[in-house]
Amino acid sequence: MSTRALYIGLMSGTSVDAVDAVLVDLASPAPSLVAAHSHPIADELRSAILKLCSGDVAGLPALGETHIALGEVFAQASLSLLKLADIAAEEVVAIGSHGQTIWHEPNGDKPFTLQIGDANTLAERTGITTVSDFRGRDMAAGGQGAPLAPLLHQHLFTSARTSRAIINIGGISNITFLNPATPPFAFDSGPGNVLMDGWIAQHRGRKFDENGSWASEGVVHRALIAMLRQDPFFSKGAPKSTGRELFNSAWLETKLELLDEPVAPVDVQATLAQLTIQSLVSALQEHGDPEEIYVCGGGAHNRTLMEGLANALATRTVGTTEALGIHPDWVEAIAFAWLAKQTLDGRAMETSGFTGARAPVVLGAIYQR
Ligand SMILES: Nc1ncnc2c1ncn2[C@@H]1O[C@H](COP(=O)(O)OP(=O)(O)O)[C@@H](O)[C@H]1O
Ligand SMILES: [Mg+2]
C-alpha cells in the first residue's frame, strides 16, 4: 500500500444541477485530484428539493423522504466515483459531504441552516466514515455557517506576493480575498447563476444558459439593473451569506412588476448576467481591488460572465482556478473532502473572516464506518 490518504468530497450547491463527487489524495498539503464525477440528480428529486427550498411547507414526511432519497443518491455518486477510479471503499479514509441546503437563515435571533442528504445512509451504503453538517457548528459559534470553501482557498491559493480574489460562481457567488499581509476574508456577493437558470427555464425550457449565449443576445435594461442593484443585500457589510430564500424568481417578478414597462425576456437574461457581474465587480472594488482574479464554479463556463468580468476589470489578471492548478468544476467538492480531514484530525477552523464565527471550532459531525 502506498502512503496515500484518500478522501471523497461531495457537493450539491444552490443550483441543484448535479452532485459533484471528487476523490482526492490529501497525503501532502496540496490535494491531488485522483478522480472526479458529476452525478445526475433525477428531475423528480430535483423538484422535491426545490419545493422544500421554496419554503412551501410540504410537510415533515416530504422532508424526510427527500433527505433519505438524496442520501441514497450521494451514496450512488460515491460508489460510481470509486468504480471510475478503480479504488475500493476500504482504501478511502472518509467522505466529506456538504449536503443540499434547503434553508439558510443566518440572521435574526434564531439563525438556522439545514443541509439534507442523510449521512447515515451514505456511511451505511458505502462502508466509509462520513463527515457532514459542517455549517451547523459554525452557526452555533456565532457564524453565518457560510461560506466555508474559502478555508480551502486560503490554504491553497494564498500568494506571498500579490493580492488575489477567488470567485466562486455557483447558484450564489462568493468572493475570497487573499492578501499577502492581512487576514483573509470572504462573503457572498449575491446571485451567481441562480436567477439566470430560473429565467431561462421559465422562458426557454432549458436548465441553464449554455455559455451565456442567450444573455449575450440581449441588451441590459438600465432601469431594471438599477432596481435590482438597490436590494439591501448588496450594500450590507460582511459577513453575509445568502441563497434561494432571497434570490429567487419571486424576488425577480416583484422587481419586474415595479417597472412601468415590459422587458423582453432576452433583455431580462442580459440584465441578470449584468447583475452578477456588477455585484462582483463592485464588491471587488470596495475591498481593495485585488491584482489577480480566479474564478471557479459553473459560472466559469459562462462566457458572458467571464468576458463581462474581464472587461470591467481590464487592468487585472482574470482567469479561472485552472491557472492555479485546480479545475474550476471541482474546487468546492475538494473543499469538503479537505474539511472532512480537518474534522477527523480534530482541527478547529478559523472562520472569523469568512463567516464571522466568534472562535475557531471543529466543524462537522462524524458517522463512523
Ligand atoms: N457550459 C456552461 N455555460 C453556462 N453556464 C454553465 C455551464 N456549465 C455550468 N453552468 C452554470 O453553473 C451552474 C452550476 O454551477 P455549480 O458551481 O455547480 O453551482 P452550485 O454550487 O450552486 O451547484 C449551472 O446551474 C449553470 O448555471
Ligand atoms: Mg452544482
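The values are calculated or read from the model by the stated rules, or taken from the named source; none is laboratory data. Small disclaimer: the values here were computed from a predicted structure and weren't measured. Here the Cβ is made from the backbone with ideal geometry for all residues, glycine too, and neighbour counts use every protein chain on show. Heads up: the accessible areas ignore ligands, DNA and RNA and are worked out on the full protein's heavy atoms, side chains in. Shrake-Rupley method; radii C 1.70, N 1.55, O 1.52, S 1.80 Å.
At a glance:
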item	result
Qualifying residues in the range 265-282 (those that are open to solvent by 10 Å² or more (accessible area, probe 1.4 Å) and touching a residue at least 40 places away in the same chain (Cβ under 8 Å)) - the one farthest from ligand 1 (Cβ to nearest atom)	282
Wholly within the range 103-211, strands (runs of 3 or more DSSP E) carrying at least 3 residues that are away from ligand 1 (no atom under 12 Å from the Cβ) and among the small types (Gly, Ala, Ser)	185-191
Among residues of the range 41-62, those that are part of a loop (DSSP other than H, G, I, E, B) and either more than 15 Å from ligand 1 (Cβ to nearest atom) or more than 17 Å from the chain's Cα centre (by Cα) (or both), counted	7
Output for the range 1-39, where each listed residue is within 13 Å of ligand 1 (Cβ to nearest atom) and either surrounded by fewer than 19 Cβ atoms within 10 Å (Cβ to Cβ) or not in a strand (DSSP E or B) (or both)	13, 14, 15, 16, 17, 18, 38, 39
Enumeration of residues in the range 299-343 that are among the hydroxyl-bearing types (Ser, Thr, Tyr) and either within 16 Å of the chain's Cα centre (by Cα) or within 16 Å of ligand 2 (Cβ to nearest atom) (or both)	320, 321
Unmet criterion (only one of (1) assigned by TED's automatic domain parsing to the domain that holds residue 124; (2) within 14 Å of ligand 1 (Cβ to nearest atom); (3) more than 30 Å from residue 120 (Cα to Cα)) for residue 353	(2)
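Every residue, every condition in (1) open to solvent by 10 Å² or more (accessible area, probe 1.4 Å); (2) out of contact with any Asp or Glu (no Cβ under 8 Å at 6 or more places or on another chain); (3) among the acidic types (Asp, Glu), yes or no:
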residue: 138; (1), (2), (3): no, yes, yes
residue: 142; (1), (2), (3): yes, yes, no
residue: 148; (1), (2), (3): no, no, no
residue: 158; (1), (2), (3): yes, yes, no
residue: 164; (1), (2), (3): yes, no, no
residue: 169; (1), (2), (3): no, yes, no
